[in-house]
1. Under the condition of being assigned to a strand (DSSP E or B) and β-branched (V, I, T), which residue from segment 69-101 is farthest from W52 (Cα to Cα)?
2. Give segment 48-59 a look and list any residue that's crowded, with 19+ Cβ neighbours inside 10 Å and farther than 11 Å from L27 by Cβ, or say none.
3. Starting from segment 102-128, take each residue that is over 19 Å from W55 (Cα atoms) and list its partners that are exposed (fewer than 11 other Cβ atoms within 10 Å of the Cβ) and modelled with pLDDT of 90 or more, counting only C-beta distances under 9 angstrom and pairs at least six apart or across chains.
4. Of the residues in segment 75-92, how many are closer than 18 Å to L125 by Cβ and buried (at least 17 other Cβ atoms within 10 Å of the Cβ)?
5. Looking at the structure I just gave you, is L9 among the hydrophobic types (A, V, I, L, M, F, W, C) and surrounded by 18 or more Cβ atoms within 10 Å (Cβ to Cβ)?
6. If I go through segment 48-65 residue by residue, how many of them are part of a helix (DSSP H, G or I) and free of Cβ contacts under 8 Å to residues at least 24 places away in the same chain?
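The values are calculated or read from the model by the stated rules, or taken from the named source; none is laboratory data. None of these values were measured; they are calculated from a predicted model. Glycine also receives a Cβ, built like all others from the backbone with ideal geometry; neighbour counts cover every protein chain displayed.
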Amino acid sequence: MFDSGDCHLASDLIAGGTLAAPSLFSLVLGVKYGFNATPETMIYARGLLPEWAVWTGFGIGRAEFPMVAQAWLLGGHVRVGMEDNLYLAKGVLAESNAALVARAVDILRGVGAAPATPIEARAALGLS
C-alpha cells in the first residue's frame with residue numbers, strides 16, 4: 001500500500017470477494033508521491049485498513065529504522081531489507097540483510113518488543 005487509494009481499492013476488492021480475508025497489508029512509507037514516512041501518516045494509513053487486518057509497515061531509505069519502531073508501536077509487524085535500504089546508519093553500508101534485521105531487532109528490543117521466532121511469525125501469518 002503506497003497511498004490511501006491503494007487501501008481503499010483493497011477494501012473494495014475484499015468486499016467484492018476478489019481478495020480473501022484475512023489479508024496481509026504492507027504499508028510502504030517514504031516513496032515519492034506516496035505515504036510520507038511520519039508517525040502521523042502511519043497512524044492514518046493503519047486507520048484505512050480493515051479492523052481485522054494483519055499488517056506491516058516499513059520505510060524506504062533513511063526512513064527504514066524509524067518506521068520499524070513506529071509499526072510495532074502501532075500494533076503492526078515489521079520488515080526490513082536491502083531492497084528498501086542499504087545503510088545501517090548514515091554512511092554505513094549494510095553488509096547483508098541479516099545486518100539490517102539485527103539492527104531492527106535491537107530497535108524493537110529497545111522499545112520493549114520481543115521479536116517473533118520464525119515459527120511464531122509463520123503462525124501469525126497463517127503459513128505452514
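1. Result: V92.
2. Result: no residue meets the conditions.
3. Between residues of segment 102-128 that are over 19 Å from W55 (Cα atoms) and residues that are exposed (fewer than 11 other Cβ atoms within 10 Å of the Cβ) and modelled with pLDDT of 90 or more, the close pairs are R103/A89.
4. 5
5. So L9 does not fit the description; no.
6. Step one: list which residues in segment 48-65 are part of a helix (DSSP H, G or I), which gives 61-65.
Then keep just the ones that are free of Cβ contacts under 8 Å to residues at least 24 places away in the same chain; that gives none.
Number of matching residues: 0.
Listed here are the residues, each with its yes/no results for (1) of a type outside the set (G, A, S); (2) surrounded by fewer than 16 Cβ atoms within 10 Å (Cβ to Cβ); (3) modelled with pLDDT under 95; (4) assigned to a strand (DSSP E or B).
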residue	(1), (2), (3), (4)
S26	no, yes, no, yes
A37	no, no, no, no
T41	yes, no, no, no
R46	yes, no, no, no
M67	yes, no, no, no
